[in-house]
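Before any comments, here is the structure.
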């Protein structure tokens, strides 16, 4: 049993919402607000890690996909604790032109993406491998919301 279930779920929800707001404001105003995003992402990763730790304390089981996400976010949290910058702002996820051009032409919106990390940044290389497979070059808020949904479903099953 997790005694502080409501409080930790509130904290996770609040931190994700604040991260989402900072990212959206930065994109909307076309300013690279790395300091606030670094802080908000760190706070969100802390609450994700706290939720995952509590789920671990009650022997929660994960399917393969959920386990990969859990490990990827543990890797992100561990890397951030070691002063690794995880986020980059990109105008386009992929560059260049491919022929033939198909219409309507789709150009990705500017967004903040998780950076690819060297596997040697932390001792647990397997976590960084999972991080790179699942998170690198993906929009930060999209992936954060995916792990949040996994966590919510696990907490709801307790």
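The values are calculated or read from the model by the stated rules, or taken from the named source; none is laboratory data. None of the values given here were measured: they were computed from a predicted structure. With ideal geometry, Cβ positions are generated from the backbone for all residues, glycine too; neighbour counts draw on all protein chains shown.
Within segment 96-124, being at pLDDT 90 or above and assigned to a strand (DSSP E or B) holds for 112, 113, 114. The set of residues from segment 21-61 being surrounded by 15 or more Cβ atoms within 10 Å (Cβ to Cβ) and not in a helix (DSSP H, G or I) comprises 33, 60.
Under 16 Å from residue 40 (Cβ atoms) and either under 17 Å from the mean Cα position of the chain (by Cα) or modelled with pLDDT of 90 or more (or both): does that describe residue 127? No; evaluated as a whole, the condition is false for this residue. The residue pairs whose first member lies in segment 136-157 and is without any contact (Cβ under 8 Å) to a residue 24 or more places away in the chain, whose second member is surrounded by fewer than 19 Cβ atoms within 10 Å (Cβ to Cβ), and whose beta carbons are closer than 6 Å, counting only pairs six or more residues apart or on different chains, are 136/116.
Just one of the listed residues (148, 143, 130, 154) is touching a strand residue (DSSP E or B) at 6+ places or on another chain (Cβ under 7 Å) and not in a loop (DSSP other than H, G, I, E, B), and it is 143.
If you go through segment 130-158 and pick out every residue that is modelled with pLDDT of 95 or more, more than 28 Å from residue 26 (Cα to Cα) and exposed (fewer than 13 other Cβ atoms within 10 Å of the Cβ), you end up with 1.
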